[in-house]
Amino acid sequence: MAVTQDDRMRVRAQAKWVRTSARKARLVLDHIRGRSVPEARTILAFTQRAAATDIEKVLRSAVANAEANHGLDGDELVVEAAFADEGPTLKRWKPRARGRVNRINKRTCHVTLVLAEVPEENTRRRPRKQAETPASPPVEESTPKATTRRRKKEAVA
């Protein structure tokens, strides 16, 4: 892996030639990006899209890599990056009327997940301080439309 600014350990897993389009896989990957591993597993278990089963296998593989090769706890990892690149397209033909054919593209994709340790700042939760904020102006005074309306009323009166 490349050298990064922080000292967090990163683990990667990739599934190549998955028989779904990259666009459909990206829809599922958007749901789990940035989430913890247990949360991502739950989301994938209840996602009805077919790509979720393939992505769940990649997630399990990445967690197994982290536990076996690096001695990390799988439940304390976060999905740092999740992306699907286009793979090769299988071109098939379907016969049509009058001797013509239609092309059928059977698309594939390469799914990649990168898991990272939770940063130290996020592990310790401290209560938020209640900052003293000055009173905000009334909502109707701050909007341009309300100001214009007030001027028109003054002009009529």
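Being out of contact with any His (no Cβ under 7 Å at 6 or more places or on another chain), in a loop (DSSP other than H, G, I, E, B) and of a type in the set (A, V, I, L, M) holds for only one residue in 72, 44, 59, 29, and it is 72. Per the listing 39, 117, the residue uniquely at pLDDT below 95 and within 22 Å of residue 13 (Cα to Cα) is 117. Of note, residue 98 satisfies the criterion of being free of Cβ contacts under 8 Å to residues at least 40 places away in the same chain, on the phi > 0 side of the Ramachandran plot and in a helix (DSSP H, G or I).
The sole residue among 26, 35, 12, 92 that is more than 30 Å from residue 120 (Cα to Cα) and either out of contact with any Phe, Trp or Tyr (no Cβ under 9 Å at 6 or more places or on another chain) or not hydrophobic (A, V, I, L, M, F, W, C) (or both) is 92.
For the stretch 120-135, the criterion of being closer than 27 Å to residue 52 by Cβ, out of contact with any helix residue (DSSP H, G or I) (no Cβ under 9 Å at 6 or more places or on another chain) and modelled with pLDDT under 95 is met by at least one residue. Here's a check for you: in the stretch 95-113, which residue that is surrounded by 12 or more Cβ atoms within 10 Å (Cβ to Cβ) and in contact with a Phe, Trp or Tyr (Cβ under 9 Å, 6 or more places away or on another chain) is farthest from residue 40 (Cα to Cα)? Checking each candidate, the answer is 108. Out of curiosity, is residue 63 within 27 Å of residue 119 (Cβ to Cβ), β-branched (Val, Ile, Thr) and buried (at least 16 other Cβ atoms within 10 Å of the Cβ)? Spelling it out, residue 63 is indeed within 27 Å of residue 119 (Cβ to Cβ), β-branched (Val, Ile, Thr) and buried (at least 16 other Cβ atoms within 10 Å of the Cβ). Residues in the stretch 96-119 that are of a type in the set (Gly, Ala, Ser) and closer than 18 Å to residue 52 by Cβ: there are none.
Cβ-Cβ contacts under 9 Å between residues 6 or more apart (or on different chains), taken from a first residue in the stretch 76-89 that is touching a residue at least 12 places away in the same chain (Cβ under 8 Å) and within 15 Å of residue 28 (Cα to Cα) to a second residue that is among the acidic types (Asp, Glu) and not in a strand (DSSP E or B), are listed as 79/39; 82/30. State which residue is farthest from residue 87 (Cα to Cα) when the search covers only the stretch 1-57 and only residues that are polar (S, T, N, Q) and touching a residue at least 12 places away in the same chain (Cβ under 8 Å). Only one residue fits best here, namely 36. For the stretch 85-93, the criterion of being within 29 Å of residue 118 (Cα to Cα), at pLDDT 95 or above and not aromatic (Phe, Trp, Tyr) is met by at least one residue.
The values are calculated or read from the model by the stated rules, or taken from the named source; none is laboratory data. Keep in mind it's a predicted model, so treat the numbers as computed, not measured. Glycine also receives a Cβ, built like all others from the backbone with ideal geometry; neighbour counts cover every protein chain displayed.
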